[in-house]
Amino acid sequence: MSTRSVVPFGPQHPVLPEPIHLDLVLEDEKVVEAVPSIGFIHRGLEKLVEKKDFNEYTYVAERICGICSYMHGMAYCEAVEHIMNVEIPERAKYLRTIWCEMSRIHSHLLWLGLLADAFGFESLFYQSWRMREKMLDMIEASTGGRVIFSVNKIGGQLKDMPKDMLNDFVKQIDGMEVELRELTKTFLGDYAVESRLRNVGFLTAQQAHDLGSVGPFMRASGIALDMRKTGYAAYPNIDFEIITSTVGDSYARTDVRIREIFQSMDIIRQAVAKIPDGEIATPVKGFPQAGEYFMRVEQPRGEAVYYVKANGTKFLDRVRVRTPTFANIPALLETLKGCQFADVPILVLTIDPCISCTER
Amino acid sequence: MIEGENIKIESGDLVSKALQMKTDGYRLVQISSVRTQTGYELAYSFGKEYDLVNLRVEVEEDAEIMSISHIFEPAFLYENEIVDLFGVKINLISVDFKGKLYRISTETPFK
């Protein structure tokens, strides 16, 4: 007869860059149930909208997350722009697209490094983060910040990227693509890596749908849903297919994220080739009129939902942020059921958890 | 852009409407709460492909509503958050954190 015990996992754990706690109910080494516990780093950033005016809140939104900071700021600006009926210039839309994809590349490379670190492949971790540094250098060159870009504003962008810089970025990305192809051989072809990821943590398409999962975690289970297809920024003018896998295990999630990096590189090339000259921002006067908007964007971890409600004054009534990790927690709990205790860290990582934005 | 659709419903119809959304193949996207002069307005967002449908429910200050976590499993996290931060009374949440989802040192719910 098996022995049942409860083992606490987190909030401090070597594989967790941020705090989440799970009570794991085990039968011998098999997980039969996981109960989550969050709330260690709730910062009340939504509440702050009562004290910061609608322009200042852009900077708060950018600080919700230290990895997809740019997309938080952009999603907030897009929501307010919809309420104010502001059409931003075409060039600003392309700039947003380029910076979004640069964010996705650095986020996915960060995740690949963390994953390699979690299963003890240190040189793979170094290589992933070495590549990520190149992207961070490009981000710093174009925005002045490595993590917090601070280039969003309601009505467009605060900074432009000159033609020479964009062409230089494309050249650097071409070089990164060659390196990533080498890295991919190890991530998807190495026996040691495969043995830790293959057939671990299955999530079926039906489960992914019913449990409300989002992003690469959902797409690796075969659901082709990507909020970039809803048509924000310059994505309607970019040719790209949604990347999916039908397998639904940890290996498939890695495969999807790696292919998304290649795709982001291609999107940047397309955007640089198509970006028009012109203004980078539309002048915005007055306060947002009474109204509301649900803005959905595709962040590296998946769909984020920004609900903004305005009342006609400079202070908004409400900003509510549904982050991708928040949506992925119920599906994570499902994938943990039946797994081996030793696989728990890998499985937690495969949703690419970002707890600081989850708790806001 | 694909815009969302808003449908106002009574709080007593919430469970049956949620069940209908489930039957129609929608997934739960999010639940949010906003303070109004007399209480709260909750928005239950459901998605099907890229369509977004928001069921809007007005709830009086001390009124109680039913959880939809037995229909849409992920709802338990959203509902616990709303109980924590807004103090909306939601009954029969599948995993009920009793107002302690977030470990906040100041008194909650925020009024």
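The values are calculated or read from the model by the stated rules, or taken from the named source; none is laboratory data. All values reported here derive from a predicted model rather than from experimental measurement. Note that we place each Cβ from the backbone using ideal geometry, even for glycine, and neighbour counts take in every protein chain shown. Only protein heavy atoms, including side chains, enter the accessible area calculation; ligands, DNA and RNA are left aside. Shrake-Rupley method; radii C 1.70, N 1.55, O 1.52, S 1.80 Å.
Some notes on this structure:
- Relative contact order for chain A: 26 percent, from Cα pairs under 8 Å spaced at least 6 residues apart, divided by residue count.
- Size estimate for region A:67-215 follows the Kirkwood approach: the inverse of mean 1/r over distinct Cα pairs works out to 17.5 Å.
- For the protein assembly as shown, calculated [θ]222 nm from helices alone, where every DSSP H run of n ≥ 4 adds -39500 (n - 2.57): -13000 deg cm²/dmol
- For B:D62 and B:S94, a Förster radius of 22 Å and the Cβ-Cβ distance give a FRET efficiency of 0.40, rounded to the nearest 0.05.
- Qualifying trypsin sites (Lys or Arg not before Pro) in region A:201-299, DSSP loop, other Cβ atoms within 10 Å at most 15: A:K285
- Straight-distance candidates among the aspartates and glutamates for linking to A:K163, with alpha-carbon spacing under 20 Å and chain neighbours fewer than 8 residues away dropped: A:E90, A:E101, A:D137, A:E140, A:D174, A:D266, A:D277, A:E279.
- Fraction of beta bridges assigned by DSSP in the protein assembly as shown that are antiparallel (%, nearest 5): 85 percent
- Shielding of A:289-301 by partner chains, average beta-carbon count, 10 Å: 2
- When a 1.4 Å probe is rolled over the protein heavy atoms, the share of accessible surface on region A:48-92 that falls to carbon and sulfur comes to 46 percent.
- Dipole of chain B computed with +1 at Lys/Arg Cβ and -1 at Asp/Glu Cβ about the Cα centre; of B:H70, B:T106, B:I31, farthest Cα towards the positive end is B:T106.
- Pairwise centroid distance, computed over Cα atoms, of region A:259-329 with region B:5-41, Å: 24 Å
- Along principal axes, Cα extents of region A:148-192, largest first, whole Å: 50, 23, 14
- Tensor-based shape of chain B (alpha-carbon gyration tensor, a/c under 1.5 rounded, otherwise prolate or oblate): prolate
- Annotation note: trypsin sites (Lys or Arg not before Pro) in region A:1-48 located in DSSP loop regions with a Cβ neighbour count of at most 15 within 10 Å are A:R43.
- Extension gain for the segment A:Y191 to A:R43, taken as residue separation times 0.36 nm less the Cα-Cα distance, is 49.1 nm to one decimal.
- Given charges at beta-carbon only (K, R positive; D, E negative), |dipole| of the protein assembly as shown in Debye: 600 debye
- Which listed pairs, of A:K51/A:K309; A:K52/A:K285; B:K22/B:K89; A:K47/B:K89; A:K134/A:K185; A:K30/B:K100, have C-alpha distances above 26 Å, in listed order: A:K30/B:K100
- Hydrodynamic radius of chain A per Kirkwood, over alpha carbon pairs, in Å: 21.0 Å
- Furthest towards positive pole of dipole, A:I67, A:I268, A:A310, structure part chain A, Cβ charges: A:A310
- Applying the criteria of a DSSP loop state and at most 15 other Cβ atoms within 10 Å to the chymotrypsin sites (Phe, Trp or Tyr not before Pro) of region B:63-111 yields B:F110.
- 20 °C / 1.002 mPa s Stokes-Einstein diffusion coefficient of region A:176-252, Kirkwood radius on C-alpha pairs, µm²/s: 152 µm²/s
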